[in-house]
1. Remind me, relative contact order of the chain in percent, using alpha carbon pairs under 8 angstrom and six or more residues apart?
2. Once every Cα of the range 1-129 carries one equal point scatterer and solvent is ignored, give the base-10 log of I(q)/I(0) from the Debye formula at q = 0.14, 0.15, 0.16 Å⁻¹, two decimals.
3. For the range 88-167, give the share of DSSP beta bridges that are antiparallel, in percent and rounded to the nearest 5; count only bridges with both residues there.
4. Where does each of Ile155, Ile198 land when they are ordered by accessible area, with a 1.4 Å probe and the largest first?
5. Top to bottom by accessible area (1.4 Å), largest first, where do Lys122, Lys131 land?
6. Run through the DSSP bridge list for the chain and note the antiparallel percent, rounded to the nearest 5.
7. How many percent of DSSP beta bridges within the range 1-119 run antiparallel, rounded to 5?
8. Counting only Cα atoms, I'd like the Rg/Rh figure for the chain, Kirkwood definition for Rh.
Amino acid sequence: MKIGIIGSGPVGQALSKGFLSEGYEVMLGTRKITKPELVKFHAENAAVAIGNFSDTAQFGEIIVLATGGLVAEEAIKLAGHSNFSGKIVIDTTNPIAKEPPVNGVLKCFTSLDESLMERIQKEIPDAKLVKAFNSVGNALMYRPGFKGGPPSMFICGNDDQAKKKVTSILRSFGWETEDMGKVEAARAIEPLCMLWCIPGFLSNHWAHAFKLLKK
Ligand SMILES: NC(=O)c1ccc[n+]([C@@H]2O[C@H](COP(=O)([O-])OP(=O)(O)OC[C@H]3O[C@@H](n4cnc5c(N)ncnc54)[C@H](OP(=O)(O)O)[C@@H]3O)[C@@H](O)[C@H]2O)c1
């Protein structure tokens, strides 16, 4: 299966390597294929194809959205709205504002009554959006390998089949999945990135993940 990753930053690169290890064909999308850090990444990971956003969105049978939250809608425009139609889109983005964190707490440009995922779903209504990978650092996205067992990835989205597919991807990546329901649940899932980052900003501790314990 072909995965098109819109966004060539740390998340795009980490997930490219993960999907490649799981036997998928991967294209990593950027606005500038000559970016030095990307040229280096490609030299070290030649099996990952590099393309512009539009080629990458066309290529992907499943699309991963991994751009900055503030520019996600711009990236979708560049990728071409119709290229998302009917496809599973794994939304890794967070609505992080430009302002610096306050005492380790990131600022968001959305509210608790409207998530970035809802805005994106409105932008590409025919896409089967599934929120995932937003509440952990890129270094832990693939096979995090915690001693306490697989951590929990909170997901949500309107299409049950799409969430089933993403759940099986997450299982192969070393995660348990907690399905929190429809797109509105992103109002609660996106701010988890703020919580996850606090120990990082305050004590430079970035090697943790969430786990939902149940009776
Ligand atoms: N970093 C993490 O560990 C982490 C963890 C969980 C979730 N997230 C979320 O995942 C997303 C990706 O994060 P990241 O750290 O990998 O990278 P990032 O720096 O947030 O985003 C990089 C991507 O955004 C694109 N971009 C920048 N400005 C743009 C514009 N004006 N129009 C269109 N595209 C633009 C870049 O394009 P070019 O390729 O052309 O430069 C690049 O592909 C973010 O929403 C972040 O909050 C990050």
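The values are calculated or read from the model by the stated rules, or taken from the named source; none is laboratory data. From a predicted model like this one, the values you see are computed outputs, not experimental measurements. Calculation scope for accessible area: heavy atoms of the full protein, side chains included, ligands and nucleic acids excluded. Shrake-Rupley method; radii C 1.70, N 1.55, O 1.52, S 1.80 Å.
1. 18 percent
2. Treating every Cα as an identical point scatterer, log10 I(q)/I(0) equals -0.60, -0.68, -0.77.
3. 50 percent
4. Ile198, Ile155
5. Sorted descending by solvent-accessible area, the residues read Lys122, Lys131.
6. Just about 15 percent of them are antiparallel.
7. 15 percent
8. Dividing the radius of gyration by the Kirkwood radius yields 0.94.
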